[in-house]
Every structure is written in C-alpha cells, then in structure tokens.
1. Which residues, counting only those in the stretch 163-206, are assigned to a loop (DSSP other than H, G, I, E, B) and either among the aliphatic types (A, V, I, L, M) or open to solvent by 100 Å² or more (accessible area, probe 1.4 Å) (or both)?
2. Please enumerate the residues belonging to the stretch 114-151 that are within 16 Å of the ligand (Cβ to nearest atom), among the hydrophobic types (A, V, I, L, M, F, W, C) and not in a strand (DSSP E or B).
3. Can we say Ser151 is surrounded by fewer than 23 Cβ atoms within 10 Å (Cβ to Cβ), in contact with a Leu (Cβ under 8 Å, 6 or more places away or on another chain) and hydroxyl-bearing (Ser, Thr, Tyr)?
4. Please tell me if Ala174 is free of Cβ contacts under 8 Å to residues at least 60 places away in the same chain and aliphatic (A, V, I, L, M).
5. Pairs please, first residue from the stretch 210-221 and within 17 Å of Cys60 (Cα to Cα), second anywhere and in a helix (DSSP H, G or I) and open to solvent by 60 Å² or more (accessible area, probe 1.4 Å), Cβ atoms under 7 Å, 6+ apart in sequence or on different chains.
6. Say we look at the stretch 1-12 and pick out the residues that are more than 16 Å from the chain's Cα centre (by Cα) and open to solvent by 60 Å² or more (accessible area, probe 1.4 Å); which of these is nearest to the ligand (Cβ to nearest atom)?
7. Specify which of the listed residues (Ser83, Ser37, Ser15) is open to solvent by less than 60 Å² (accessible area, probe 1.4 Å), over 17 Å from Phe136 (Cβ atoms), within 16 Å of the ligand (Cβ to nearest atom) and polar (S, T, N, Q).
Amino acid sequence: MKIVGISSSPRGKNSNTLKLLDAALDGAAKAGAEVESIDVAKMKIKYCTACDSCYETGVCSIKDDYNGVLEKLLDADGIIWSSPNYITNVTAQLKTVFDRSPLVIHEQLFDGKYSLSLTTAGSDELDFVLGIIDNFMVHCGGNSIGGVGCSVARGPEAMEAAIEKSREMGKDLAEAIKEKRQYPKQEAAHEAFREHFKYVILANKANWTHNCDHWIEKGWI
Ligand SMILES: Cc1cc2nc3c(=O)[nH]c(=O)nc-3n(C[C@H](O)[C@H](O)[C@H](O)COP(=O)(O)O)c2cc1C
C-alpha cells in the first residue's frame, strides 16, 4: 500500500503544516504503508492554460514537474493533502496543482483512492480550508476520511495535540484503504457527478476522445 503526502507551504522545513504531514505519514508507515512526501512548493509547476488537450489525449500538454507528481498520485492508494490557510483557502502552490488536474476530474482518476486533509491557520478558520481539499478529492472520484486542523495561535499544546491526531488519522487512512471503507455520502456525490457529467462527455465526444473512451471502458456511458 502506497501513501503519498503533499506539502504546499513555501516555508519548507519551518512549516507548521509539514509537522502535521510528517506525523500523519509516520502513522501511516506504522500501519504498514509505504510512504513518500512531496513538496509542491519546491517544484516548477505552471498554471493550467485551459488548452483542453488532455481531454483529447489523456496527457497534459505542459511539460513540467506536475506530470511526475500526478504519476505518483495515480500510483498511490492514499493521498495526504496539506496546506496552510492562505486567505481562507489553500496556498497558490496547491491550488495550481488542483487547477492542473481537470483530466483527473473528467476521468474520475482518484476512484478507489482515499485521502486525509491537513491544515494550520493563524485563526480558527480550519474547517473551510479542510472542506476545499475534501471537495477536490471527492470531485476527482476519491474518498476523504476527514481532516485535522490546528490554529497556531492556540499555542504549542494545541499543536502537539494536532500532531498526535494527525498520526492517528494517518494510521486510520491506512486502515480505510485496507478495509475499502465505504462513505455513502461521498459515493452518492460520485454517482450524481457521473449521472450529470456523462451528458457533458457525450456533448463533447468529437473533441474529448480520450475522456469518451475512458467513460465507455468504465461502463459509465
Ligand atoms: C500569505 C498568508 C496568508 C494567510 N492567510 C491566513 C488566513 O486567511 N487565515 C488564517 O487564519 N491564517 C492565515 N495565515 C496564517 C497561516 O495560515 C499560518 O501561519 C499557518 O500556520 C502557516 O503554515 P505553514 O507554517 O505551514 O506555512 C496566512 C499566512 C500567510 C503567509
């Protein structure tokens, strides 16, 4: 079982959020997962140009570090997403990765994968950012087991508690993967997406040939 952790703070090893990620990966490793940590803030990842060619070819036309990140995510059973709260959102570095992933959404490429979301903030505005990450994962066809957030203003004890909770959640992510845990609400969201999006795929079948072939192969249309 492989679990990939994504960090996205520009503060590198000084990042508060990285402490949660390291603990979650440690928990996952103790539960038997092979783990890897990727810092997208250190990578060269350009903005999506909305060229739409990935829908036709199945690959992104921009050649940069995104493609290697995606390869690792597709190879993983679980993903631990982490981002500090930047203006009540994820960092631009993580948002750029999300924006480069329309193919993942169109083809529901995280189907069968599980994720955990982590954030830290100066305020208590944690759930909103965790929700943004969870929502991305569900849009990609995957399941989120939940998240851990910590307001750094609440001091070192709060951070210690969040680190320990992240470790437990990292273990739980590995357990969710092992038992193929069901999340009925998220599954309903996947079904609703597929029911609606099949008409979008069919309406664009002349250009979105890769998407269309994928949906036929999956039996979704
Ligand atoms: C550009 C920037 C924007 C931020 N925006 C918010 C915000 O909207 N709400 C908040 O609670 N904290 C905000 N913060 C504080 C960070 O979320 C907080 O310090 C976090 O722990 C940093 O995580 P890191 O050490 O992993 O980078 C912001 C910090 C920066 C540098």
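1. Our first condition is that a residue be assigned to a loop (DSSP other than H, G, I, E, B); within the stretch 163-206, this holds for 180-183, 204-206.
Selection gives Lys180, Gln182, Lys205, Ala206.
2. Of everything in the stretch 114-151, those that are within 16 Å of the ligand (Cβ to nearest atom), among the hydrophobic types (A, V, I, L, M, F, W, C) and not in a strand (DSSP E or B) turn out to be Leu126, Phe128, Val129, Leu130, Ile132, Ile133.
3. In short, yes.
4. Details: free of Cβ contacts under 8 Å to residues at least 60 places away in the same chain: no; aliphatic (A, V, I, L, M): yes.
Criteria not met by Ala174.
5. His210/Glu56; His210/Thr57
6. The initial filter retains those residues of the stretch 1-12 that are more than 16 Å from the chain's Cα centre (by Cα), namely 1, 10-12.
Subsequent filtering for residues that are open to solvent by 60 Å² or more (accessible area, probe 1.4 Å) retains 1, 10-11.
Details: Met1: 26, Pro10: 7, Arg11: 4 Å.
So the residue we want is Arg11.
7. Details: Ser83 fails: over 17 Å from Phe136 (Cβ atoms); Ser37 fails: open to solvent by less than 60 Å² (accessible area, probe 1.4 Å).
Exactly one residue qualifies, and that residue is Ser15.
The values are calculated or read from the model by the stated rules, or taken from the named source; none is laboratory data. In this text, all values refer to a predicted model and were calculated from it rather than measured experimentally. No Cβ is skipped: glycine too gets one built from the backbone with ideal geometry, and neighbour counts run over all protein chains shown. Please note that ligands, DNA and RNA were not included when accessible areas were found on the heavy atoms of the full protein model with its side chains. Shrake-Rupley method; radii C 1.70, N 1.55, O 1.52, S 1.80 Å.
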